[in-house]
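Reading through the structure tokens given below for one structure.
The values are calculated or read from the model by the stated rules, or taken from the named source; none is laboratory data. Because the structure is predicted, anything quoted here is derived from the model rather than measured. Reconstructed Cβ throughout: ideal geometry from the backbone, glycine too, with neighbour counts over all protein chains shown.
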Amino acid sequence: MYKVLVVLLMTPWMASAQFSVLSESFDDYTIGDLVSTVGAANGWGLWTGLDTESCLVSGDEFVSELNSGYVVDDGSTSSRATWTWSEYLEGQYTFSANILVPEGSAGGFIGFHDSLGQEMPHSISLLGDSTMLFLDWEAFSYLEVNNITPGWHEIMVTFDMDNVTSEFVFDGAPVGVMATSFGVTYGFGGVEFGAYAYNPFTGQQPPGAFYIDDLNLVDELSTIGLENLNSSVLTVVPNPSNGSFSVDLSGVMLSKAKLTLMDMTGTIVFSESIASDASIQNIESRLGTGMYILKIADSQQEWIEKIIIK
């Protein structure tokens, strides 16, 4: 059966919308690279200064393009990398990432820190391959997601330092809101990725492993850097389509841009990078009938489009 793509809306975000402060897809690196070395200019570093603790670039699993970050403790290699930036004491910032916990893994640990890694108000514990906890260490309260199936999942955490709250979203569905000490006691300045599966109730830390891809840090309130692109017209052809279509990028300047398709739950169902000199982006989609969100974005600009495939 042929699939028909109907364009409903294409509008650049207004200047008051989100602004990506920092992003990482691992696609510019070589498989086997230490992320702390090849990604140092993009905020990556080591936890203790030991080279063996760096996250690795992997081609085994990925969401977009060909690479992801591999965080692993197999008894001989222990990954514990950090991704840092200038600390923020006010405003609203969202960290998002795609995470895959391999079936049978003991899990892993993600800590949210100040830029020096000295304080950790929040963390995510991956317990085994099916449970995820988002913790507030100040109040020792937590939000829990159970029955996670193998495969890629998207996490989003928004720290609203103006209203002293933190919100956890899993696969596009809000899980809950808690308090945060970011902006009150500490500045938000980094994320730690560790391969140990720390259980806050038992303290056990068995070896673990997980993959990360398409990391993004967004300033929800920024009016900096987003250009008004109404003079540039992006078109999608053919219309109707059998599921294969092209996006005309003529006249648009892009840098490390990505094209993603999401279903209405916020789950990414298709993603690929766009070359900086691309004028036409050809897409082969094999999606089921329904409404989807098409997004084209780099660190400076973003387009959102609703599409229907039937």
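I'd like to know if region 123-134 contains one or more residues that are in the same structural domain as Ser23 (by TED's automatic domain parsing), in a strand (DSSP E or B) and over 18 Å from the mean Cα position of the chain (by Cα).
Yes, some residue in region 123-134 is in the same structural domain as Ser23 (by TED's automatic domain parsing), in a strand (DSSP E or B) and over 18 Å from the mean Cα position of the chain (by Cα).
Can you run down the residue pairs with Cβ atoms below 9 Å, 6 or more apart or on separate chains, where the first is in region 83-102 and on the phi > 0 side of the Ramachandran plot and the partner is hydrophobic (A, V, I, L, M, F, W, C) and assigned to a loop (DSSP other than H, G, I, E, B)?
Gly91/Met161; Gly91/Leu221
Could you tell me whether region 65-73 includes any residue that is among the acidic types (Asp, Glu), farther than 22 Å from Thr267 by Cβ, out of contact with any helix residue (DSSP H, G or I) (no Cβ under 9 Å at 6 or more places or on another chain) and not assigned by TED's automatic domain parsing to the domain that holds Thr267? So that I can check it myself, show each step before the final result.
Of all residues in region 65-73, those among the acidic types (Asp, Glu) come to 65, 73.
From what's left, farther than 22 Å from Thr267 by Cβ: 73.
Filter again for out of contact with any helix residue (DSSP H, G or I) (no Cβ under 9 Å at 6 or more places or on another chain), leaving 73.
From what's left, not assigned by TED's automatic domain parsing to the domain that holds Thr267: 73.
Yes, region 65-73 contains at least one residue that is among the acidic types (Asp, Glu), farther than 22 Å from Thr267 by Cβ, out of contact with any helix residue (DSSP H, G or I) (no Cβ under 9 Å at 6 or more places or on another chain) and not assigned by TED's automatic domain parsing to the domain that holds Thr267.
Can you find a residue in region 282-294 that is in contact with a strand residue (DSSP E or B) (Cβ under 7 Å, 6 or more places away or on another chain), modelled with pLDDT of 80 or more, within 30 Å of Val71 (Cα to Cα) and assigned to a strand (DSSP E or B)?
No, region 282-294 contains no residue that is in contact with a strand residue (DSSP E or B) (Cβ under 7 Å, 6 or more places away or on another chain), modelled with pLDDT of 80 or more, within 30 Å of Val71 (Cα to Cα) and assigned to a strand (DSSP E or B).
Looking only at region 3-36, how many residues end up being at pLDDT 90 or above and among the β-branched types (Val, Ile, Thr)?
Going through region 3-36 one residue at a time, the tally reaches 3.
Among the residues of region 156-170, which ones are free of Cβ contacts under 8 Å to residues at least 60 places away in the same chain and assigned to a strand (DSSP E or B)?
Within region 156-170, Thr165, Ser166, Glu167, Phe168, Phe170 qualify.
Report whether or not Met120 is outside any loop (DSSP other than H, G, I, E, B), under 26 Å from Leu46 (Cα atoms) and among the hydrophobic types (A, V, I, L, M, F, W, C). Write out each step before concluding.
Details: outside any loop (DSSP other than H, G, I, E, B): no; under 26 Å from Leu46 (Cα atoms): yes; among the hydrophobic types (A, V, I, L, M, F, W, C): yes.
So Met120 does not fit the description; no.
Collect the residues in region 69-116 that are more than 23 Å from Pro206 (Cβ to Cβ) and assigned to a loop (DSSP other than H, G, I, E, B), keeping them in residue-number order.
Leu89, Glu90, Gly91, Asp114, Ser115, Leu116 - these are the residues of region 69-116 that are more than 23 Å from Pro206 (Cβ to Cβ) and assigned to a loop (DSSP other than H, G, I, E, B).
Exactly one of these conditions fails for Ser86: (1) farther than 16 Å from Tyr198 by Cβ; (2) surrounded by 18 or more Cβ atoms within 10 Å (Cβ to Cβ); (3) more than 18 Å from the chain's Cα centre (by Cα); (4) small (Gly, Ala, Ser). Give me its number.
So the condition that Ser86 fails would be (2).
What is the one condition in (1) closer than 19 Å to Trp83 by Cα; (2) assigned to a strand (DSSP E or B) that Met178 does not satisfy?
Going through (1) closer than 19 Å to Trp83 by Cα; (2) assigned to a strand (DSSP E or B) one by one, Met178 breaks only (1).
Residues of region 37-47 being within 18 Å of the chain's Cα centre (by Cα) and either in a loop (DSSP other than H, G, I, E, B) or at pLDDT below 75 (or both), which ones?
Scanning region 37-47 gives Gly39, Gly43.
Is it true that Leu217 is assigned to a loop (DSSP other than H, G, I, E, B), modelled with pLDDT of 80 or more and within 30 Å of Met161 (Cα to Cα)?
Judged against the criteria, Leu217 is not a match.
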